[in-house]
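Below: one structure, written as structure tokens.
Laboratory data are not the source of any read-out in this text; all were calculated from the coordinates shown. Everything quoted here is computed from the prediction, not taken from an experiment. Virtual Cβ from ideal backbone geometry, glycine too; neighbours counted across all protein chains shown.
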Amino acid sequence: MTTSPPTSASPPTSAPLRAVPGADPDRYWPTVAAVGCASMMLPFSVTGAAVALPDMAARLGASTGSAQWMLNAFNITFAALPLAAGGLADRVGRRRVLLAGIALVGALSLLIALAPSMAVVDAARAVQGCGAAAVLAAGAAVLADSTSGRRRQLAFGVLGTSFGTGLAVGPPAAGALVQAGGWRAVFLLVAAMSLPAYLCAVRAPESRRPDRTAIDLAGPACFTAGLAALSFALVQATGAGWTAPGTLLPLGGALLLVVAFAVVELRRAERAMFDVRLFRRAEFLAVVCQPFTVTLGFVVLLVYLPAYLQGVGGRSVLTSGLLLLPMTAPVLLLPLAAGRLAAVLSVRTVLTAASGLIVLGAVLLLTVRGDASWAALAVPLLPFGAGVGLAFGVIDNAAVSTVPVERAGAAAGIFNTMRITGESVAVSGAAALLSTLTAARLPGLPDGEAARLAARAVQGQVDPAHRSALAAGFTGALHVTGVVLAVLSATGAVLTHRALRERKR
């Protein structure tokens, strides 16, 4: 087996002919621009929505549960559908699915900006997540089909930078928009961002697999339902507790549906949308599971640290977004450099170093306080951002380079399913963990009242009558979360290092 890093791999020369040739030099930059612009919308749709949530919940009079579903509804479909979207792109056309995804994200953002109630917002966010999944899977497949060699390395570096730009600009931009025009301005911006992305994508080359196998519906249906049940259980746990029937029943249902998904995909063998047998390979497992250790903690901090700084620290929406710059700016600056480092060193070295930096940042979260200065917050956030920025420059290309180019859509779907599933579970699970830990630090209150106050605090709404207790409880919960993230990232660093060492031998 070759020892060269996946980031510099070229598409196999034995790949079947495509319906429309993708490697057109005249379309290279329009294609890269299309995927980059489209991808930039996705992290902004997550971070911007999180920053806008406190203002949205207050203005729409939403309950804690319905407000949390504004994030969960998007994350469930965004996590569950990249696999199906990637397989569909391989069959019906990668550019076609990319265009449909961009249009869906833009149109639903406009609908959300005009929504009169949280129920409408929650439903629209679920559909918007479908479009985001299509953009995520089809965009990487379009790049894999239309580029090779150093041009592919550059293209995926631009893709990582686009994600980094959305992450870096998202919190402060959303904070400024909320402060100037309210939460609706955040979604109007996403709708406006979809227009140049769509116009660029029209010029991208079309491609698809030459064989038209039947689309696997049963597997993705089981997976989507299982993820929805898991997210619902996590939301229930924040209010009803972990031992309540309303929490345990959906948890059991989620487990059964995931088992059913694995059984269905194994029986379909080569016709499966998700080839679960690939997880027997250490190299593949290391690449597609890396996002769990890279982005899980990053997304948790992006979503809940602004709420902590607003509620406990009394910061404005704009200020809390700006305070995240030490974490988000490296994700904007490092992906292009990471591709060059991987070519000189190895993917193993870059990914292991990235996880190590995240471990350092997670441990240093123990120093965070609500009233901490910008410099004090930068101490843990800077290594966090540097680790994620390095990983973003190599993991997408590494994932699609493990398979022939005609299956690039499915490979991107598998990889992004793992990535977004981790993020979705992290957002829901972190809300439940932070709420539970905060409520446990509120003595002298009935369990129901403590849970309600804690859940509101996690969304950035601190009750003035209990500010001191909530500040201490939320801070302690955040520190425990940092320890959990450090353990997970350290485990990921060791496993990735060992798995890619086996690959090199």
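Computed quantities for the displayed model
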{"read-out": "Residue exposure sequence - E206, E449, E265 - by fewest surrounding Cβ within 10 Å", "value": "E449, E206, E265"}
{"read-out": "In Hz, Karplus ³J(HN,Hα) per residue of the range 259-265 (6.51, -1.76, 1.60; θ = phi - 60°; x = Gly, Pro)", "value": "5, 4, 4, 5, 5, 4, 5"}
{"read-out": "Modelled FRET efficiency - R0 45 Å, A180 with L285, Cβ distances, 0.05 increments", "value": "0.45"}
{"read-out": "Net charge contributed by nearby residues that have their C-beta within less than 10 Å of A137 (K/R +1, D/E -1)", "value": "0"}
{"read-out": "Relative counts (whole %) of C-alpha pair distances in the range 445-489, using bins that are 5 Å wide", "value": "5, 21, 28, 20, 13, 8, 4, 1"}
{"read-out": "Two-site FRET efficiency, R467 against A262, from Cβ-Cβ distance with R₀ of 45 Å, rounded to 0.05", "value": "0.45"}
{"read-out": "Relative packing of peptides 86-98, 365-377, 309-321 - highest average C-beta neighbours within 10 Å first", "value": "86-98, 309-321, 365-377"}
{"read-out": "The range 167-182 - phi-based ³J(HN,Hα) in whole Hz, Karplus 6.51/-1.76/1.60, Gly and Pro as x", "value": "6, 6, 7, x, x, x, 5, 5, x, 5, 5, 5, 5, 8, x, x"}
{"read-out": "Residue-by-residue Karplus 3J(HN,Hα) for the range 49-57, coefficients 6.51, -1.76, 1.60, Hz, glycine and proline x", "value": "5, 5, 5, 7, 4, x, 5, 4, 4"}
{"read-out": "Chain lengthening between A376 and T349 when straightened (0.36 nm per residue, less Cα-Cα)", "value": "6.8 nm"}
